[in-house]
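Nothing in this text is a laboratory measurement; each read-out follows from the coordinates by a stated rule. None of the values given here were measured: they were computed from a predicted structure. Virtual Cβ from ideal backbone geometry, glycine too; neighbours counted across all protein chains shown.
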Amino acid sequence: MARHRILVVDDEPAIREMVGVALETADFDVLEADTGQLAHERIVDERPDLILLDWMLPAISGIELARRLKRDDATAELPIIMLTARSEEDNRVQGLEAGADDYVVKPFSTRELISRIKAVLRRTSAAAAEKTLEVEGLRLDPVGHRITVEDEPVDMGPTEYRLLAFFMSHPERAYSREQLLDQVWGANVYVEDRTIDVHIRRLRKALAPWGYDRFIQTVRGTGYRFSTRSGRVTSA
């Protein structure tokens with residue numbers, strides 16, 4: 001299964017190193033940033049699954065960055081855990097009102113931090129599983145198990161549906177064939193890597209009448225991504 005990607009935003013190198021080691025030991029992929037500006041760039045470019053965000057940052061504070069992310073539709077659903085030395089109730093409330101999903105006071109145990117990360121990811125994953133996804137008129141309703149374009153149904157097989165649901169839930173990120181197989185078929189099912197290419201072709205064919213096949217992009221040397229940005233679509 002593809003590992004969750006966590007962005008650690010803290011201007012103290014020792015904190016980033018300590019948290020990074022704990023996260024990697026717990027099978028998370030780790031990204032780092034020491035300023036709010038760099039954090040925002042990494043969020044846009046690399047789409048982490050969760051942010052560990054220090055309250056006190058130079059230039060742009062963590063609380064201000066959290067507010068900016070929650071105001072932007074593209075990042076509003078991104079879960080945030082605030083890291084701070086401020087333990088007063090008013091500060092906790094301020095952090096939660098800014099959009100943080102949880103709040104951890106320094107100094108903290110890495111075991112507790114990992115437990116809180118997993119809990120937040122479980123909650124956000126459960127909520128996302130029932131949320132209708134829509135990208136430029138392409139609509140996927142996971143509750144009704146329907147895909148439509150302007151209320152017109154899009155017909156595709158169950159595997160292509162699961163592929164599209166995963167892609168739309170994880171846009172702008174490149175995935176290898178192995179990662180896609182783990183996510184769509186499951187880690188304990190043996191399927192040839194190249195099987196994914198067959199289903200990608202079928203998915204593109206189903207989306208082609210509306211021009212949405214351009215969203216399923218081949219990433220040379222890696223695999224595939226779902227992106228609304230201009231990118232090359234080639235046959236697998």
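Would you mind classifying the stretch 133-226 by shape? Square roots of the alpha carbon gyration tensor eigenvalues, ordered a ≥ b ≥ c; an a/c under 1.5 is rounded, otherwise it is prolate if a/b is larger than b/c and oblate if not. Prolate. Between 0 and 90 degrees, the angle of helix 36-46 with respect to the longest Cα principal axis of the chain falls at about 20 degrees. Taking the C-alpha atoms only, the angle from helix 158-169 to the longest principal axis of the chain is near 30 degrees. In percent, rounded to a whole number, the relative contact order of the chain is 13, using alpha-carbon pairs under 8 Å and six or more apart. Close Lys pairs in the chain, defined as Cα atoms under 30 Å apart and 8 or more places apart or on different chains, number 6. With the charge dipole of the chain set up from +1 on Lys and Arg Cβ and -1 on Asp and Glu Cβ about the Cα centre, the Cα lying farthest toward the positive end among the listed residues 223, 142, 8 is that of 223.
Dipole of the stretch 134-217 computed with +1 at Lys/Arg Cβ and -1 at Asp/Glu Cβ about the Cα centre; of 154, 180, 207, farthest Cα towards the positive end is 180.
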